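*Asks:* Structure provided below as structure tokens; questions to follow.
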């Protein structure tokens, strides 16, 4: 791996603001960021600068990492913590960016105690207490309900309370029991939809990968919460409400005027 730090990572964010042209280009190319109010965009920009000052980006797989790539990943990753703060990303510093999907060695032990090793192709990976891995090709697909950056950063939020099981560190206004009830009811319903789709029924509105586990469901639905909030609110209103309280944001309300929906 070849490490590379962009210039302002070495300096305090208040003395090294992001170039206006770079930030403006990012906002105009990502609708879910462009939908933010002026105040929200300014606060996201400040968060992004602070994030870049704290974290270390590393290129892998022959990728030529540049400033726009780092800013794009940082800004998307900071959207979920817009109202939470950088402390929610404490305890890790590394972001490894690959040009495309990458291979991760896996091992599982079966019921007989036999360990099976295999390679898995991945577009993103979040390690508890360790780095976050991102495919740049997949990161560029943001904006249509698929967002590998938000997905992996959601795992990091989930891991603040331990394993990535879909239950992040919840604020006092959300009871753990209520969160679990809503999450698991929505997850069970979605798994049934995936089973129906696999049997020849209609395709699911969201990525079937969400059926892998409650942790993956939380991450995929977090993608939907920020990119296609109207769909999530219509499909799982109780889950959307819980997410809105947790993230302290209501993306559907700010996107409704632009979409013309009432």
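*Asks:* Out of the residues in the stretch 23-65 that are without any contact (Cβ under 8 Å) to a residue 40 or more places away in the chain and either out of contact with any helix residue (DSSP H, G or I) (no Cβ under 9 Å at 6 or more places or on another chain) or in a loop (DSSP other than H, G, I, E, B) (or both), which is surrounded by the most Cβ atoms within 10 Å (Cβ to Cβ)?
*Replies:* 43
*Asks:* Across the stretch 107-135, what is the number of residues that are at pLDDT 90 or above, assigned to a loop (DSSP other than H, G, I, E, B) and touching a helix residue (DSSP H, G or I) at 6+ places or on another chain (Cβ under 9 Å)?
*Replies:* Qualifying residue count, the stretch 107-135: 0.
*Asks:* Which residue, of 97, 71, is modelled with pLDDT of 95 or more, in contact with a strand residue (DSSP E or B) (Cβ under 9 Å, 6 or more places away or on another chain) and crowded, with 18+ Cβ neighbours inside 10 Å? Walk me through it before giving the result.
*Replies:* Working: 71 fails: in contact with a strand residue (DSSP E or B) (Cβ under 9 Å, 6 or more places away or on another chain).
Every option except 97 fails the conditions.
*Asks:* Looking at residue 167 and the list (1) over 27 Å from residue 92 (Cβ atoms); (2) outside any helix (DSSP H, G or I); (3) modelled with pLDDT of 95 or more, which single condition is not satisfied?
*Replies:* The single condition residue 167 does not satisfy is (1).
Residue by residue, here is whether (1) buried (at least 16 other Cβ atoms within 10 Å of the Cβ); (2) in contact with a helix residue (DSSP H, G or I) (Cβ under 8 Å, 6 or more places away or on another chain) holds:
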residue: 137; (1), (2): no, no
residue: 147; (1), (2): yes, yes
residue: 155; (1), (2): yes, yes
residue: 158; (1), (2): yes, yes
residue: 172; (1), (2): no, no
residue: 178; (1), (2): no, yes
residue: 188; (1), (2): no, no
residue: 200; (1), (2): no, no
residue: 214; (1), (2): yes, yes
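*Asks:* Residue check: is residue 189 in the same structural domain as residue 224 (by TED's automatic domain parsing) and farther than 30 Å from residue 69 by Cα?
*Replies:* Numbers: in the same structural domain as residue 224 (by TED's automatic domain parsing): yes; farther than 30 Å from residue 69 by Cα: yes.
In short, yes.
The values are calculated or read from the model by the stated rules, or taken from the named source; none is laboratory data. This one's a predicted model, so the numbers in the text were calculated from it and none came from an experiment. FYI the Cβ positions are ideal-geometry reconstructions off the backbone, even for glycines, and counts take in every protein chain you see.
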